[in-house]
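Trainee: Got a structure for you, questions after.
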Amino acid sequence: MATRLKRVLTPFAFAGAIVLASCGERSQTSAPPALSTLASSVSSVPADGTSSSSAAQAPAVAEPPYVLALRLERWRDAARLIDELDPKLKETPELRFVRARVANALECQPSDVFVASTGVIGVPLPIDKAEAGIDAVLLAETADWQTAAVTIGTTDTFPKAAVTRAVVDGKTVSLVGIVKGSGMIAPDMATMLGFIFTDAAIAAPLLQTMLSAANRATFSCITVDSDTSTSDTVLAFATGAAGNTELTSFDRPGADAFQAALTDLCRQLAHLVVRDGEGASKFITVAVDGAVSDESAHRVAMSIANSPLVKTAIAGEDANWGRVVMAVGKAGEPAERDKLSIRFGGIQVASNGYAVAGYDEAPIAAHLKGQEIEIGVDLCLGDGRATVWTCDLTHGYISINADYRS
């Protein structure tokens, strides 16, 4: 779904939810893409997210039935009417309420309001807190990036943000992203929520394609604990304020540079999520080569990254490469023991399924004492390769999650 933005509501959070609204004339409508890679093209708004004084007002449209209910402040009736208007919209009454309330305040369509939420699964969003939060934020000062990044955090221990730039059509465009996530992290992004903004002019379909590609190489390549949840969102907005000729295809000058900058931004944000993994003390890169395909290599790498035995060995700084062999085997992908090679920190520890001649564990142990750990596996079966990122598993993870609802 693509919209032409007339005004934007700075990201705000309340009771575990974050809301963004793009208000204006819809320039293209299609079946909503998955939340994990939703992209919305927007224009006429500065990169800082504040409204432009020269922005055109949305054209008048026939009022749908829920408008009267909104004017009478009959919020639940409005939510019901919205649901009847779009029965395929699979949202809770609470989220429909949020859409209706924000849309009324900003005089836009409920479909222009994007809601992302985390919290305890099965516990409805408290309507009273949602209503109070919406009322308060509509009167609040515009937040800066750091404030927005802090606000959306839950078990996060630090705010996560990144900036990249690219030259498009002779103009420098900027990309800014904020993200939250620390636990329940595994593709497809689990409780990670990401929000990306750029001042580049880019068509919505192309932005969607680029965001999907960036997601596959970054957010879908991280794991903290192998657990996912009901909330997984990355939203990308393009304001067009940079003034470049609109990117409409990969053939346009600067499209490749923009894709590289977007992927770099997503990678930085993804790494920050892993580095802040609940209870984590080490950042682990797992690289798999020689698989029968890239997809097979990815599944093997994720099997290693998700293995509690591998993760606890890294936490304990134990160079037990046999646990990596185990994780390769349980992936269910083509692998042959007598061709398998394993390395830690670039140091070969096993070749053709056996420890290398003269194997010395001392340099491996020294590598594992650091905070940046590298595990490499070569299956020697083909050209498939993949890299994923994870963290170690410590007692801290147990403490955080055992006390989550206390």
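Trainee: Please count how many residues of the stretch 255-278 are surrounded by 21 or more Cβ atoms within 10 Å (Cβ to Cβ) and of a type in the set (Gly, Ala, Ser).
Mentor: Of the residues in the stretch 255-278, 3 are surrounded by 21 or more Cβ atoms within 10 Å (Cβ to Cβ) and of a type in the set (Gly, Ala, Ser).
Trainee: Keeping to the stretch 375-391, report how many residues are more than 25 Å from residue 214 (Cα to Cα) and either without any contact (Cβ under 8 Å) to a residue 60 or more places away in the chain or under 23 Å from the mean Cα position of the chain (by Cα) (or both).
Mentor: Summing the residues that are more than 25 Å from residue 214 (Cα to Cα) and either without any contact (Cβ under 8 Å) to a residue 60 or more places away in the chain or under 23 Å from the mean Cα position of the chain (by Cα) (or both) in the stretch 375-391 gives 0.
Trainee: Continuing with this model, one more query. For the stretch 311-332, what are the residues that are surrounded by 20 or more Cβ atoms within 10 Å (Cβ to Cβ), in a helix (DSSP H, G or I) and in contact (Cβ under 8 Å) with a residue 24 or more places away in the chain?
Mentor: Passing the criteria: 311, 314, 315, 324, 327, 328.
Trainee: Can you name every residue in the stretch 219-258 that is part of a loop (DSSP other than H, G, I, E, B), within 26 Å of residue 285 (Cβ to Cβ) and at pLDDT 90 or above? Please lay out each step first, then the result.
Mentor: The initial filter retains those residues of the stretch 219-258 that are part of a loop (DSSP other than H, G, I, E, B), namely 223-232, 239-246, 248-254.
Applying the additional criterion that residues be within 26 Å of residue 285 (Cβ to Cβ) yields 223-229, 232.
Answer for the stretch 219-258, where residues must be part of a loop (DSSP other than H, G, I, E, B), within 26 Å of residue 285 (Cβ to Cβ) and at pLDDT 90 or above: just 223.
Trainee: Could you check the stretch 118-137 and list, in sequence order, the residues that are buried (at least 16 other Cβ atoms within 10 Å of the Cβ) and in contact with a helix residue (DSSP H, G or I) (Cβ under 7 Å, 6 or more places away or on another chain)?
Mentor: 125, 127, 130, 131, 134
Trainee: Cβ-Cβ distance below 6 Å, separation of 6 or more or different chains: which pairs start in the stretch 345-374 with a residue that is hydroxyl-bearing (Ser, Thr, Tyr) and end on one that is surrounded by 13 or more Cβ atoms within 10 Å (Cβ to Cβ) and not in a loop (DSSP other than H, G, I, E, B)?
Mentor: Hits for this filter: 351/341.
Trainee: Go through the stretch 110-165 and report how many residues are modelled with pLDDT of 85 or more and of a type in the set (Ser, Thr, Tyr).
Mentor: 4
Trainee: Continuing with the same structure: From the list 199, 227, 232, exactly one residue is buried (at least 21 other Cβ atoms within 10 Å of the Cβ) and closer than 30 Å to residue 403 by Cα. Which is it?
Mentor: Testing whether each residue is buried (at least 21 other Cβ atoms within 10 Å of the Cβ) and closer than 30 Å to residue 403 by Cα leaves just 232.
Residue-wise test of (1) in a strand (DSSP E or B); (2) closer than 18 Å to residue 259 by Cα.
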position	(1), (2)
149	no, no
163	yes, yes
173	yes, yes
205	no, yes
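Trainee: I'd like to know if the stretch 182-192 contains one or more residues that are touching a Phe, Trp or Tyr at 6+ places or on another chain (Cβ under 6 Å), touching a residue at least 24 places away in the same chain (Cβ under 8 Å) and surrounded by fewer than 24 Cβ atoms within 10 Å (Cβ to Cβ).
Mentor: No: zero hits.
Trainee: If you don't mind, there's one more thing I want to ask. Any idea which of 260, 236, 270 is under 22 Å from residue 119 (Cα atoms) and among the small types (Gly, Ala, Ser)?
Mentor: 270
Trainee: Can you find a residue that is part of a loop (DSSP other than H, G, I, E, B) and closer than 23 Å to residue 182 by Cβ anywhere in the stretch 282-290?
Mentor: Yes, some residue in the stretch 282-290 is part of a loop (DSSP other than H, G, I, E, B) and closer than 23 Å to residue 182 by Cβ.
Trainee: So, of the residues in the stretch 165-181 that are touching a Phe, Trp or Tyr at 6+ places or on another chain (Cβ under 8 Å) and closer than 17 Å to residue 235 by Cβ, which turns out to be surrounded by the fewest Cβ atoms within 10 Å (Cβ to Cβ)?
Mentor: 176
Trainee: Restricting attention to the stretch 341-399, report how many residues are in a loop (DSSP other than H, G, I, E, B), at pLDDT 95 or above and of a type in the set (A, V, I, L, M).
Mentor: 2
The values are calculated or read from the model by the stated rules, or taken from the named source; none is laboratory data. Bear in mind the structure is a predicted one, so any value in this text is a computation, not a measurement. Cβ atoms come from the backbone with ideal geometry, glycine included; neighbour counts cover every protein chain shown.
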